[in-house]
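**Student:** Once you've had a glance at the structure underneath, I'll fire off some questions.
The values are calculated or read from the model by the stated rules, or taken from the named source; none is laboratory data. Since we're looking at a predicted model, the values are computed, not measured. Because the Cβ atoms are built from the backbone with ideal geometry, glycine has one as well, and the counts that use them run over all protein chains shown.
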Amino acid sequence: MKERSVYKRILVDRLFKALVICLSCIIILPMFFILYFIVRNGISVINWGFLLSLPKPMGEAGGGISNAIVGTVILIVIASIISIPIGTLIGIYLSEYKRGRFPYFSRLSLEILQGIPSIVIGIIAYIWIVVPVGTFSALSGGVALAIMMLPVIVMSTEETLKLIPDTLKEASLALGVPYPRTILKVVLPAGLSGIVTGIILGVARIAGETAPLLFTAFGSPFMSTNIFKPVSSLPLLVFNYATSPYPDLHALAWGACFVLIVFILSLNLIAKMVTRRWKVQF
Amino acid sequence: MESTVLKTEDFGAGFEDNEVVRSINLSIERNKITAIMGPSGCGKTTFIRCINRMHELVPGATSSGKILIDNENIYDMDAIIVRRKIGMVFQRPNPFPTMSIYDNVVAGYNLNGIAITKADKDRIVEESLQKAALWAEVKNSLHRKGTFLSGGQQQRLCIARALAMYPEILLLDEPTSALDPKATAHIEELVVELKNSVTIIQVTHNIPQAARISDFTAFLYLGELVEFGPTEKVFTVPRDKRTEQYLTGKFG
Amino acid sequence: MEGYGEEELAGRMGHAHPGNIQGLARKAFVGTSADGVLRSRPILSEPSFRKLLYLSGIFAIVLLLAILLSLIAASVPAIKQIGLSFLVNRVWDPVAGQFGSLPFLAGTLLTSLLALLIAIFFSLAVSIFLGEYSRTGAVSSVIKGVVELLAGIPSVIYGFWGLAFLVPAVRYVEMRIHVAPYGVGILTAALILSIMIIPYSASLGREVISLVPADLKEAALSLGATRFEVIRKVILPYARSGILAGVLLSLGRALGETMAVTMVIGNSNMLPKSIFAPANTMASIIANEFTEATGKVYLASLVEVALVLFVVTAIINIIGKIIIIRMSVER
């Protein structure tokens, strides 16, 4: 009697392990499917013409995504200019002031900000910028993306700076270096790899965002570098073409997906390399 | 020049409602090594961190009384200036990890934006590293980052960094407690040499070390200055019973 | 120190030093103060720097409040006109001036909860696998990599893939089981959503499971328990709150997910009758109709939908974070 129940328990144990491994491996399937689709459909479309020319009017064959690439870059630049300085400062603040009511609420606010659905942020940028300015614009899109990038940068800055031992700060202060200089010239450089990683990951996050751009940057078939006018972007292009009824446009959309995925994956890889090579050891 | 470089008058310090040291009256003599010893928790680190006004950086820190350097109250001066006149070396070596050895030594100048010619920088680097007895070992790797050095070498680098500012007083907070005996011996030799150019106040846990290298010894117990005098006298004929008990290991 | 000449200063600065610091400093860069000791021109004085830091600290709070207030203010026209029936009215017909958001609340809840249900099994499996069975090694690195990759794929790409692959597949299945073969609908959206939220609960779950103290596990094993029993009776109860937090965070993410859902949910404003029916979620109705919205009340209604979405996701995120904080305090 005793032996059988042990046998049963061992069986259950083995089955469970098999189940867990099975389920874990099934996860790999969607990823392969998605990547397969993107690569198979996308790669046939990619050529220099694709990357460098503008989209043709609806229904015409051919065309490219050059304006979407440029637009994505413009949006990323605007978002970075806004969010990096503010985000780094907030990160410094949170790492210097660990206790207290303001830091607590500040952190809480950032957590909530990070969880806000991206489309809601799009509406906010619409209310704050599109309405006063009067048109859709790259600026409003950039602001929306900046709001999304901010929590990422703050959190990685804070985490990085928290890992830097206090004795480093003290060594600098003991040399008579004033506090602001100590932070800017000793503490920040020591945490630079982490901060840069955070920025790269923040960019990776916003590069693929579409929802906040739907009614801010809005998209455009033209090449534009005017930040007060609508601008195209890779994710917007994918959305518009994918939901259109023309197979030609679908093909272009796969190409754009390919470019986008390559970009985001490269950013993630670069972030990992930055951490490995530049990280300061204590 | 007077022989007393630092004087504390009825000095006390602590945190919020907790007084860590009180009524300290001490006179430190120029170009001598003064050891501050006492059991854990007696307040010696708190006290020494008041001298270069690092103590006040902790939220809730309090202090009372005066500390005079060359007859001027350090609390009447800008804290930045105090810290440039009084250098500090910490318990655990803490060279700046993003800077080369060369840059570490002149960090005090670089960080403060004090512009000096390259020739002068080279001179300061060599001189400070010589004084810290590290020059010979690193002169060919000045532009490498300091993290490859051993613990003892890193600590000497920190000493060189503090010396590069030409301080009047050098505070050493248990500088050898994280080092092995050989490195400790090196640093002790170094400290004895250094007193010719700078006044040294050293906090130590290590009674034999205090006996070996210091000229004067102050014994702190439970926040009070129990005894102070020339090392020989304090160690051979202590006036206070508690000093005697501490020296003979009755409590640690 | 006033009144000392340069020689004296040299002596005081560095007793054995041939030059003195003042000689070293170029006047352009540095000033000397009355006490003769070097003072560098500060980048920013300490009080101003600290003030700057305080301001940046408040910035996040102000930003959040500004967002909330803007949403409320922009919804006012709708709130005034429609009031609370907005939330229970099941007809959304902008042409007729009817704005009931119940279909979207239902759509959101159905897709998110269904997605969560599907995802829980997989993410729990991955958490246990990576946190307990295989913490290091090639297989675990692969799976870790896959999970990270899945988290990084943009929503719109998921949506496109859904359109190209999942929708035909679901359509095929629907034809087989004799249901209206839309292909798009709640089920499809839930499937895509589940793939998208697995990485979040999986990573968090993995972390808490791997942090279960080894001595607890060893105690159980030494009493003769099988690995499964250790997982069931020791590890999972211990990691319970972390896993719950991961689930909540995934739910929060699912509720707000827009693009992928918009592309496969079928864009119908009617209250969905089954999981095979097309529908709309709160996020997708905004995505679909915001740029076409004419009229103050229409626009304000959509903003009100956004407001509801904001409040719901904020609450869920806060609860999730509170659980995480409680966990780390307990340890």
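**Student:** Can you tell me which condition A:Gly219 does not meet? The list is (1) on the phi > 0 side of the Ramachandran plot; (2) away from every other protein chain (no Cβ under 13 Å), and all the others hold.
**Tutor:** (2)
**Student:** Scan the range A:193-233 for residues that are of a type in the set (Phe, Trp, Tyr) and either in a helix (DSSP H, G or I) or crowded, with 19+ Cβ neighbours inside 10 Å (or both) and jot them down.
**Tutor:** A:Phe215, A:Phe218 - these are the residues of the range A:193-233 that are of a type in the set (Phe, Trp, Tyr) and either in a helix (DSSP H, G or I) or crowded, with 19+ Cβ neighbours inside 10 Å (or both).
**Student:** Okay, next question. Give the range B:53-98 a look and list any residue that's aliphatic (A, V, I, L, M) and under 24 Å from A:Pro165 (Cα atoms), or say none.
**Tutor:** B:Met54, B:Leu57, B:Val58, B:Ala61, B:Ala79, B:Ile80, B:Val82, B:Ile86, B:Met88, B:Val89
**Student:** Can you tell which of C:Val329, C:Val234, C:Val247 is among the hydrophobic types (A, V, I, L, M, F, W, C) and either surrounded by 24 or more Cβ atoms within 10 Å (Cβ to Cβ) or at pLDDT 85 or above (or both)?
**Tutor:** C:Val247
**Student:** Applying the selection to the range B:119-146, what residues are within 22 Å of the chain's Cα centre (by Cα) and either part of a helix (DSSP H, G or I) or closer than 15 Å to B:Gln91 by Cα (or both)?
**Tutor:** Result: B:Ile124, B:Val125, B:Glu126, B:Glu127, B:Ser128, B:Leu129, B:Gln130, B:Lys131, B:Trp135, B:Gly146.
**Student:** I'd like to verify a number: residues in the range C:209-228 that are surrounded by fewer than 23 Cβ atoms within 10 Å (Cβ to Cβ) and within 24 Å of A:Cys25 (Cβ to Cβ), how many?
**Tutor:** Number satisfying all stated conditions: 5.
**Student:** Cβ-Cβ under 8 Å, sequence separation 6+ or interchain: first residue in the range B:235-246 and surrounded by 17 or more Cβ atoms within 10 Å (Cβ to Cβ), partner polar (S, T, N, Q). Which pairs?
**Tutor:** Every condition considered, the pairs that remain are B:Phe235/B:Thr217.
**Student:** If a residue counts only when it is over 25 Å from A:Arg181 (Cβ atoms), which strands (runs of 3 or more DSSP E) contained entirely in the range B:15-113 have at least 1 such residues?
**Tutor:** Filter on the range B:15-113 gives B:18-29, B:33-37, B:61-69.
**Student:** How about the range B:111-152: which of its residues are of a type in the set (S, T, N, Q) and under 23 Å from B:Pro97 (Cβ atoms)?
**Tutor:** B:Asn112, B:Ser128, B:Asn140, B:Ser141, B:Thr147, B:Ser150
**Student:** Right, C:Ser127: surrounded by fewer than 19 Cβ atoms within 10 Å (Cβ to Cβ) and of a type outside the set (A, V, I, L, M, F, W, C) or not?
**Tutor:** no
**Student:** Also, I was wondering about something else. So A:Leu29 passes all but one of these: (1) assigned by TED's automatic domain parsing to the domain that holds A:Gly202; (2) surrounded by fewer than 17 Cβ atoms within 10 Å (Cβ to Cβ); (3) under 25 Å from the mean Cα position of the chain (by Cα). Which condition number does it fail?
**Tutor:** Among (1) assigned by TED's automatic domain parsing to the domain that holds A:Gly202; (2) surrounded by fewer than 17 Cβ atoms within 10 Å (Cβ to Cβ); (3) under 25 Å from the mean Cα position of the chain (by Cα), A:Leu29 violates only (1).
**Student:** Then there's this: Anything in the range B:176-211 that is of a type outside the set (S, T, N, Q), assigned to a helix (DSSP H, G or I) and surrounded by 16 or more Cβ atoms within 10 Å (Cβ to Cβ)? List them, or say none.
**Tutor:** B:Ala183, B:His186, B:Ile187, B:Glu188, B:Leu190, B:Val191, B:Leu194, B:Ile207, B:Ala210, B:Ala211
**Student:** Only residues in the range C:307-322 that are facing another protein chain (nearest Cβ under 7 Å) count as the first member; pair them with residues that are buried (at least 18 other Cβ atoms within 10 Å of the Cβ) and not in a helix (DSSP H, G or I), Cβ under 7 angstrom, at least 6 apart or cross-chain, and list the lot.
**Tutor:** As it stands, the answer is C:Leu309/A:Pro117; C:Phe310/A:Ile116; C:Thr313/A:Ile116; C:Thr313/A:Pro117, since those pairs meet every condition given.
**Student:** Does C:Glu229 satisfy the criteria of being away from chain A (no Cβ under 12 Å), more than 32 Å from the chain's Cα centre (by Cα) and in a helix (DSSP H, G or I)?
**Tutor:** The answer is no for C:Glu229.
**Student:** In this structure, does C:Ser123 turn out to be away from every other protein chain (no Cβ under 11 Å), hydroxyl-bearing (Ser, Thr, Tyr) and within 25 Å of C:Leu248 (Cβ to Cβ)?
**Tutor:** It is false that C:Ser123 is away from every other protein chain (no Cβ under 11 Å), hydroxyl-bearing (Ser, Thr, Tyr) and within 25 Å of C:Leu248 (Cβ to Cβ).
**Student:** Could you check C:Arg135 against (1) in contact (Cβ under 8 Å) with a residue 24 or more places away in the chain; (2) within 14 Å of chain A (Cβ to nearest Cβ); (3) farther than 17 Å from C:Leu249 by Cα; (4) surrounded by 21 or more Cβ atoms within 10 Å (Cβ to Cβ) and say which number it fails?
**Tutor:** Of everything listed in (1) in contact (Cβ under 8 Å) with a residue 24 or more places away in the chain; (2) within 14 Å of chain A (Cβ to nearest Cβ); (3) farther than 17 Å from C:Leu249 by Cα; (4) surrounded by 21 or more Cβ atoms within 10 Å (Cβ to Cβ), C:Arg135 misses just condition (4).
**Student:** Name every residue in the range B:85-128 that is more than 9 Å from every other protein chain (Cβ to nearest Cβ) and small (Gly, Ala, Ser), in order of residue number.
**Tutor:** B:Ser100, B:Ala119, B:Ser128
**Student:** Scan the range C:270-290 and give yes if some residue there is within 8 Å of chain A (Cβ to nearest Cβ), in a loop (DSSP other than H, G, I, E, B) and buried (at least 20 other Cβ atoms within 10 Å of the Cβ), otherwise no.
**Tutor:** no
**Student:** Considering only the range C:50-67, how many residues are crowded, with 17+ Cβ neighbours inside 10 Å and more than 8 Å from chain A (Cβ to nearest Cβ)?
**Tutor:** Adding up the residues that qualify gives 0.
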